[in-house]
């Protein structure tokens, strides 16, 4: 198989997997259904390109994480030029860049997949980007001493669930035209709530 055809096949499988996982959940979608939707006749295409279901999910995350990392790094550089970022500044970077996934069908599917991961896989965390880990470390340095480790972990989990579920809900609202506030107001509301949970200034 030539490189261009391999790349096209891989992208078709990712597109199909995103759509089906978002619509039906992570456990209920068969690899055969993904292969069919991608227009592939080779039943082993997913194993060939991704090694199986887990590799396919990892590739979906990587597809979006690269974009998120680039946007977050740009935003962080701009923040640091203005001085020491606050808790709300850092959380705004995380939330606003994640909201940018609402601008495409692929991005909206990614948000739904994140929700499915939290709901369907007990105890699973949403994988973080490299810049997400940087921001988490910076938040820790700002507010980490305010809480015991177990409470810090609980607050972080609560923040993650709140943001992921709200973004997935917003995706549906925008698709259906039922959103009641602007995206900007939704983002700022999330930032304020996340800042309060994190223990920063509101």
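Just a few scattered comments:
- If you model the chain as an ellipsoid using its alpha carbon gyration tensor, with each semi-axis the square root of five times an eigenvalue, the axes come out at 33, 18, 17 Å, biggest first.
- With a Förster radius of 35 Å applied to the C-beta separation of residue 32 and residue 119, the computed FRET efficiency comes to 0.90.
- Fully extending the segment from residue 146 to residue 179, taken as 0.36 nm per residue of separation minus the present Cα-Cα distance, adds 8.3 nm.
- Taking label points 7 Å from Cα along the Cα-to-Cβ direction, residue 54 and residue 73 give a separation of 2.8 nm.
- Sites residue 80 and residue 157, calculated FRET efficiency, Cβ-Cβ separation with R0 30 Å, nearest 0.05: 0.60
- Here the relative contact order of segment 60-198, from alpha carbon pairs under 8 Å that lie six or more residues apart, stands at 35 percent.
- Segment 22-98 and segment 126-147: distance between their alpha carbon centers, rounded to Å: 19
- Gain on full stretching of the segment that runs from residue 47 to residue 136 - 0.36 nm per residue minus C-alpha separation: 28.6 nm
- Annotation: peptides 89-101, 148-160, 28-40, ranked by per-residue average of other Cβ atoms within 10 Å with the highest first, follow the order 89-101, 28-40, 148-160.
Readers should treat all values here as calculations from the given coordinates under stated rules, not as data from a laboratory. These figures come from a predicted structure and were not determined experimentally. Neighbour counts run over all protein chains shown; Cβ positions are idealised from the backbone, glycine included.
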